[in-house]
Amino acid sequence: MAQIFPKALNPIAKMIVLGLPLLAGATGVTGAAFYRSSYATGVGEIPPQPVAFSHAHHVGQLGIHCVYCHTSVESSGFANIPPTKTCMNCHQQIWQGADLLEPVRNSYKTNTPIEWNRVHNLPHYAYFNHSIHVAKGVGCVSCHGRLDQMNLTMQSSTLLMEWCIACHREPEKHLRPKEEVFNMRWDASMAGKNEATGKPYTQRELGLELKEKHRVRDAVTLTNCSMCHR
């Protein structure tokens, strides 16, 4: 049978055979890098808001407790956005004429909720319950980062499934006493000394004790698909 392609194409054919696996590998690496990039995950992104609300000022400087605004976080699956009335409890007296707060005053006068833009946007097929995490001693900072230092609220974690699973496999890395859940500055060394070692607690030592005390389920149960996908 006569040769279909001339011999001059042999080097090109070799380059294609060798290049295709390299191209496929490079495509996979690029895709994985993009999937984990801040562009895709939203880490560090600051969505525009109708009012430039500062957690750094209200939480970090004034010391307003998280539950004052997010009243349902301990008893509900979601952390509610506070109604305008909550804002006006203070701003009827202070900064009552500031241009920055005109949308708040207008919302209060017209009884129309302010339309805030979501910062942490989980996929619709992922189930997340705030109250159970608070009840088990997972601090706000574990998911939301140091909100008390954020002038404008941004997403500090990837919210990827691998990020959730990493915590569910080793929850002891994030557990704290329940009374410290809302304390942004807390760390394990503040829990005193470990009676067994006589040294300040490490997060792992304290977390393992709290895991048993708070009756946190085992890793197999916590990483079951039905735990988050219902």
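When each of the peptides 133-144, 155-166, 88-99 is scored by how many other beta carbons lie within 10 Å of its residues on average, the order from highest to lowest is 133-144, 155-166, 88-99.
With each label modelled as a point 7 angstrom along the Cα→C-beta vector, the Ala126-Glu170 pair spans 2.0 nm. Here is how the number arises for the chain: DSSP H runs of 4 or more residues each give -39500 (n - 2.57), the sum is divided by the residue count, and the result at 222 nm is -10500 deg cm²/dmol. Neighbour counts of other Cβ atoms within 10 Å put Leu152, Leu206, Leu101 in the fewest-to-most order Leu152, Leu101, Leu206. Charges were assigned to the Cβ only: +1 to each Lys and Arg, -1 to each Asp and Glu. The resulting dipole of the chain about its Cα centre is roughly 480 debye.
The number of Lys pairs in the chain with C-alpha atoms less than 25 Å apart, excluding pairs fewer than 8 positions apart on the same chain, is 19. Taking label positions 7 Å along the Cα-Cβ direction at both Asp99 and Ser157, the computed distance is 3.9 nm, reported to one decimal. Tally Lys and Arg at +1 and Asp and Glu at -1 over the other residues with C-beta under 15 Å from the C-beta of Met150: what net charge comes out? Cβ neighbours under 15 Å give a net charge of 0.
In percent, how large is the relative contact order of the chain, given Cα pairs closer than 8 Å and 6 or more residues apart?
22
If you take all other residues with their beta carbon under 15 Å from the beta carbon of Cys69, and give Lys and Arg +1 and Asp and Glu -1, the sum is -1.
For the options Ala219, Ala79, Ala26, a Gaussian network treatment of the chain with springs between C-alpha atoms closer than 10 Å singles out Ala26 as fluctuating the most.
Laboratory data are not the source of any read-out in this text; all were calculated from the coordinates shown. Just so we're clear, the structure is a prediction, and the values are computed from it rather than from any experiment. Please note: Cβ atoms are built from the backbone with ideal geometry, for glycine as well, and neighbour counts cover all protein chains shown.
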